[in-house]
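Student: Okay, handing you the structure first.
The values are calculated or read from the model by the stated rules, or taken from the named source; none is laboratory data. Here the structure is a predicted model, which is why all the values come from computation and not from measurement. Note: ideal-geometry Cβ built from the backbone for every residue, glycine included; neighbour counts use all protein chains shown. These accessible areas exclude ligands, DNA and RNA; they are computed on the full protein's heavy atoms, side chains included. Shrake-Rupley method; radii C 1.70, N 1.55, O 1.52, S 1.80 Å.
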Amino acid sequence: MKFICESAPQGLRIPTAALNLSHIPYGGKVELHTLDCALVLLKGELTAPELISVAKQLHNTAEELYAHLAKVCGPCEGCEESGCPYDALEEESIDLPGYLRDVPLELLDIFGDAGSCLGELEEHMILEDIVYGSTMQ
Ligand SMILES: [Zn+2]
């Protein structure tokens, strides 16, 4: 489940409902992992089954983000004269355009399976425009 929260100079208030849904008990310590453009809040102590469950859910979240990006880029409907970079991938070429070299192979697989346009992805990589967020539809 997703909650939209507003950050403030005092910090960030996490809704009680979010803590309850994540089974994070009151009074217990939590572990806040700072990532670039993201925070991950873990229950202070995890059992092995809980740890595996958390890792799976983080993996699923990554896949959902990739799927979102593939949806934003849409299907390749014929890139302009330079051709869709995906065509080169289909020919087993590893000579990716510069902006796509930083893209994880897992994402390239998702784009390949969905027939999403890598030319469009390259465009978003270059422009660094907003592709995800609460203000987007
Ligand atoms: Zn394309």
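Student: Please give the peptides 56-69, 15-28 ranked by average Cβ packing (other Cβ atoms within 10 Å per residue), highest first, as a rough proxy for protection.
Tutor: Details: 56-69: 13.1, 15-28: 11.1.
Result, highest mean first: 56-69, 15-28.
Student: Please work out the Cα center distance from the range 96-129 to the range 1-39, rounded to the nearest Å.
Tutor: A separation of 31 Å, based on Cα centres.
Student: Show CYS117, CYS76 ordered by accessible area, largest first, where the area counts protein heavy atoms only and the probe is 1.4 Å. Numbers along the way, then the final one.
Tutor: Numbers: CYS117 10, CYS76 50 Å².
Correct descending sequence by accessible area is CYS76, CYS117.
Student: On full extension of the chain, what length is gained from LEU39 through THR61, given 0.36 nm per residue of separation minus the C-alpha to C-alpha distance?
Tutor: Answer, rounded to one decimal: 6.6 nm.
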